[in-house]
Every structure is written in structure tokens, then in C-alpha cells.
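Notes follow the structure.
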């Protein structure tokens, strides 16, 4: 363990961590929005759209993220899609995670008791209000732990971006290891940064969960 | 692109896919069992059990799977606990997956309407029967899509068990790439096997959802 070396490389590691957090948060946010839209669209009574979205989910969920990223970054220019490394990385993370988020939201909506929707319709709520005030809050109870799971997995997937030269944490760590021949110190630094990120996400997730389940009383009656 | 490279090595890839399926399946099943226990601990009325569950999840979800596998295989050997490679691989996958599966199950359990367990108690169900006949079946139905997500992620993560010396699909693809000098074909071949495994798994998930769906449509 060489504290001196870590100190010298700290600025590049911190900037790499910043890029990691940026790519992860923007990609994850767009993935959540896209996944939510897919889950909603899959409920529309229009079979061709449902089949197309099902195929989208199966393909993006069933193939490795690395392959998707390569196709987007290296194959994109062939169809006129020229993205910078970071833009391709963020877009790749968003597309990849949206497939998983779509399934999580679909399961969440599936868990909303039918009686609640029927009650909302019978008291004359508008469709948008039913979605925003009845279905979504109830769906989030089942969805939030899975969303936190997926966000944590996604934060670990960002290391793949180093392969298309996005200067994120893994990229900086590899540079440091190559320049100083200290693989152990570099990887230790990386583990510490990732642990920090995952711990923050878990804490944040626990708070969000407390908020969305606030109306469930948690004493007794459960078994 | 030379497809005959894939065709020539089809036998090796198929055999490696069998290893990937076996290791992942064992990891999924054992992980589900442990995940159920983690979930039970996290919703338990006892504070110390809840705390143990929370520590388990934070530990096994926060530490990368690669580190967990290396720890089980190499570090435990330092203390004279010689873990065979296959046990380390399945154990690592199962322990890490259990943390994710436990959280999925806990979310689903929270989503079962409270009236269900209250009604069961009012009807005189015993405590264990409330769980077995009312809560678990409904929670399981809600959790199928995110569980399938997790199983697919586990199958892709199983490529990491090659670090403890198991020749699974990714490792064999790498070997074929270095033997034939055709990396693109080798990895496309391996990737197609992963896609096939995941599509079959997703198909089973859709089937299970249909079987367990509430009658009468919605």
C-alpha cells in the first residue's frame, strides 16, 4: 500500500469517479424514464406495439452490455449515428437499463390491487390522475427495492465504458496501474470509490422506500 | 466474418453452455433459498434479525462478485478451508444473488395488500399458514418479472466464475478466439448461446406469469 502514490493520483481518480457518477446517473435517469414509458406502452391495447416492445426488452436484456455498447459506438457510424465516447456510453446505459426497468415497472403495476383502480374510476378520477395518484404510488411499493438493485448493478456496469475510452474510474485506475505498476493500490482505490457510491445509493433507496411505504403501518398483523 | 469458425467450434461452445447453465441454475436455486431467508429476516419483528438481514444485503450487494469469488476460492484456503472450484463458483453466485433476490421478495411482500393477511387471521389461519397459503403465493406472483431480470443478470455474471478455473461459455469463447485468431466469430458464437439461454429463461418467466395470473383479466 503506497499512500504517496494514491495521493499523487487522487485528482485523476476523483475526476474519473466524477465521470462514472455522471454517466451512471444520467444513463440511469433516462433508463428509468424510458423503462417507465415502455411499461406503460405495453399496457396499450395495440398488439403490434406490444410485440415490438417485448422484442426490445428481450434483446436488450438478453445480450451483454459490452456487445450493445460496441454496436452503438463502432457500428453506429455505419447508419449515420456518430456519437462521442461519453454520449455513446450514456445512451448505451440508458437503453440497456430501460429493458430491466420496464420489467420492474410492469411487475409493480401488476401488483396494484384491481379494486383500487376500479374505485378510482368509479369516483370519476381522470386517467392521468388514476395513474399518478393511485397506480404509481401503489406500484412503487414493489418496484423500489428492485429499482435500487438495478441501479447498483448499473453502477458496476459502467466499468465497461472504459473499453470505448470514456475516462471514467476504471479507465483512470487502469492508467494508474499501467504507469506505476501498482495494480493492488489502484484496485483498492477503485473498490473504495465504488463502495462509497453503492452505500450512498442503498441509503438513498432506503429513504425513498420509507417515503413510498409510509402509508403502510408496519406493526404486527404480518404473519 | 467466417461463420464456419462458429460451426467448427459448435461442440465446444455447446458443452461450455452446459457448464454455464449448470452453474447458474445451481446459483439461482440456492440463491433463491438464501434470498428467502434474507427476506424473512428483513421483515421479521425481531430487531436483531432485521439488522443481520440488512448487513447481509449491504455486504453482498456492495462488494463486487469478482471479489467475492476470489475471496471464497483463495482467501478461505489460507485458513485451511480448501473449497473446490465448483463449490466456490456456485457459492459465490448464490450468496451474491441472494442479496438481490431477498430485496426483490421483500418489495413484493410489501405490495401484498394488508387486508389479505388480516382476512386470513380473521378466518383463523395459523401464523405459518398465513405465510404459506396467502402471503408467499401472492408475493411470488408479483416478483416474477424482477426475479427473471435477476436470473438473466446472474447468467451473464456467471462469466466471472472462470477466474476460479471453470471453463464456462465466456472462457471457452476466449480460448476459441485465441486458437483460431477469429475473435469476432468466437464471441458472436458465445453471445448467441447466451442470448438463447436468456430467451428460454424469459419464456419460462412469461409462462409462469400466465399460469399464476389472476383469472378474469384486467
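A few notes on this one:
- Spacing of the two label points (7 Å from each Cα toward its C-beta) at residue B:188 and residue B:44, in nm: 5.3
- Anisotropy class of the protein assembly as shown from Cα gyration tensor, a/c 1.5 cut: prolate
- The angle between the Cα long axis of helix B:169-180 and the main principal axis of chain B comes to about 10°, on a 0 to 90 degree scale.
- C-alpha center-to-center spacing [the range B:127-163, the range A:44-90] in angstrom: 26
- Shape of chain A, Cα gyration tensor, a/c cut at 1.5: oblate
- Peptide A:148-155, shielding by other chains (average Cβ, 10 Å cutoff): 4
- Ranked A:104, B:155, A:164, B:55, criterion: other C-beta atoms within 10 Å, fewest first: B:55, A:164, B:155, A:104
- Each of A:7, A:195 was scored by other Cβ atoms within 10 Å of its Cβ. Arranged with the fewest first, they read A:7, A:195.
- For residues of B:147-158, the mean tally of beta carbons on other chains within 10 Å: 4
- Averaged over residues, the count of other Cβ atoms within 10 Å places the peptides A:204-213, A:124-133 in the sequence A:204-213, A:124-133, highest first.
- Protection proxy ranking, peptides A:172-185, A:135-148, average beta carbon neighbours within 10 Å, highest first: A:135-148, A:172-185
- Peptide ranges B:88-94, B:114-120, B:137-143 listed from the most packed, as the mean C-beta count within 10 angstrom indicates: B:88-94, B:137-143, B:114-120
- Shape class of chain B from the Cα gyration tensor (axes a ≥ b ≥ c, square roots of the eigenvalues): oblate, since a/c reaches 1.5 or more and a/b does not exceed b/c.
- Partner shielding of A:204-216 amounts to 1, given as the average count of beta-carbon atoms from other chains within 10 Å of each residue beta-carbon.
- Taking only the C-alpha atoms of the range B:101-166, Rg followed by Dmax gives 16.8, 55 Å.
- Taking every alpha-carbon pair under 8 Å whose residues sit at least 6 apart, chain B reaches a relative contact order of 30 percent.
- In degrees, nearest ten, helix A:3-41 long axis to first principal axis of chain A (Cα): 20
- Angle in degrees between helix B:136-157 and the longest Cα principal axis of chain B, rounded to the nearest 10: 20
- Footprinting exposure proxy ranking of B:181, B:12, fewest other C-beta atoms within 10 angstrom first, gives B:181, B:12.
- The relative contact order of chain A comes to 28 percent, based on Cα pairs under 8 Å that sit 6 or more residues apart.
Each reported figure results from applying straightforward, stated rules to the coordinates on display, with no laboratory input. Keep in mind that this is a model prediction, so the values were computed, not measured. Virtual Cβ from ideal backbone geometry, glycine too; neighbours counted across all protein chains shown.
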